[in-house]
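The structure under discussion appears below in the form of structure tokens.
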Amino acid sequence: MAKEIKTIGVLTSGGDAPGMNAAIRAVVREGIAKGLKVKGIKRGYAGLLAEEIVDMEAKDVSDIIQRGGTILQTARCMEFTTPEGQKKGAEICKKHGIDGVVVIGGDGSFKGAQKLAALGVNTIGLPGTIDLDIACTEYTIGFDTAVNTAMEAIDKVRDTSTSHERCSIIEVMGRGAGHIALWCGIANGAEDILLPEKYDYDEQKLVNNIIEKRQRGKKHHIIINAEGIGHSASMAKRIEAATGVETRATILGHMQRGGSPTCKDRVYASTMGAMAVDLLCEGKSNRVVAYSHGDFVDYDIDEALAMQKGISEYQYEICHNLSK
Ligand code: ADP
Ligand code: F6P
């Protein structure tokens, strides 16, 4: 029979994402509602190894559901990728009486959770990343806010781009995944979208498209470029030289990771946070909470990490037709 859970910990790890605070609040309050003690582990796995562990009461998560970032702070921690670091982390959990840990982060953070679970600390992962690049889930905490932030910023760039009859290359986040770029491409009616999963480095195609659209009277030309492709400034210079159309590059950067979470991010993160606690109470471990086919579900972390996710080919294909 599974050991009864009495005390749980919660940490945020990897890149922060709007909605992480809503998830922390849900873990703390659902935990307390279920009669558990809840501890906050600061600065991800780095804080675990440094024993930055604090008791959390319901009032400690007041007034945070609407705030971006993470009140627990987040970090990347090389030491925890080593077997020695993981063993030390598990021992620290045991020393502090922590029977279960909710890890809010991306695939890397889930690998850490997997290791803790193998060392006898029950773990549940919550998908927290603006990149939407976790294969087992159609939703990740922070994507909705980030993509809306980027969309609004691109609308503003488009206003000035149209006034000056320029081409604008706008770089959005996504080192390995083009979901933000794809969604903005559709939502902002971009003329071209460059995704790490698809880009063929054929700039002549971009040049031809700009010239063709100009001949048809278009006053702006928006190219959304994902961070994983990058080099927006030098690309702008080359495109201006080849087309004669004034071209500017805008890199949206980390502003996409901040800001008050959308309603969706607050509600989904809250639901997932509460569900993580309920799974721990059921004695489950090495699971990740996901959103799939209209429902909140959970998967084994090993299975979740083995899944593959690409971008939607159909949505990518229709982009050109929709921006005529
Ligand atoms: P994300 O969780 O957003 O994918 P990272 O890949 O940076 O972000 O991972 C966050 C942290 O998770 C790392 O800094 C490290 O502490 C931990 N981690 C990543 N990979 C592993 C691994 N293979 N084993 C144990 N811990 C890992
Ligand atoms: O949070 C995801 C992400 O924004 C990626 O798109 C990006 O490549 C990475 O984090 C950058 O994070 P940082 O600047 O914190 O290293």
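Nothing in this text is a laboratory measurement; each read-out follows from the coordinates by a stated rule. What you are looking at is a predicted structure, and each value in this text was computed from that prediction instead of being measured. Virtual Cβ from ideal backbone geometry, glycine too; neighbours counted across all protein chains shown.
Which semi-axis lengths, in whole Å and largest first, follow from the square roots of five times the eigenvalues of the Cα gyration tensor of region 104-178?
Equivalent ellipsoid of region 104-178: 38, 10, 7 Å, largest first.
For the peptides 123-134, 276-287, what is the packing order when you average, over each peptide's residues, the other Cβ atoms within 10 Å and list the highest mean first?
The most tightly packed comes first, giving 123-134, 276-287.
Where does the chain land at 222 nm, in deg cm²/dmol rounded to the nearest 500, when only DSSP H runs of n ≥ 4 count, each adding -39500 (n - 2.57), divided by all residues?
-13000 deg cm²/dmol
Pairs Lys88/Lys111; Lys42/Lys284; Lys219/Lys309: which exceed 26 Å Cα-Cα?
Details: Lys88/Lys111 16 Å; Lys42/Lys284 24 Å; Lys219/Lys309 36 Å.
Long pairs (Cα-Cα over 26 Å): Lys219/Lys309.
Roughly how many whole Å is it from the C-alpha centroid of region 49-116 to that of region 199-219?
Taking the Cα centre of region 199-219 as reference, the centre of region 49-116 is 48 Å away.
Of all beta bridges DSSP finds with both residues in the chain, what is the antiparallel percent, to the nearest 5?
25
With N denoting the number of residues in the chain, provide Rg(C-alpha) divided by 2.2 N^0.38 Å, to two decimal places.
Output field value: 1.10.
Quick one: grab Rg to one decimal and Dmax as a whole number for region 144-257, Cα atoms only, in Å.
According to the Cα coordinates of region 144-257, Rg and Dmax are 12.8, 38 Å.
Over all Cα pairs of region 192-324, how is the pair count split among 10 Å bins, expressed in % and running from 0 up to the last occupied bin?
All Cα pairs considered, the percentages come to 9, 27, 27, 19, 14, 5, 0.
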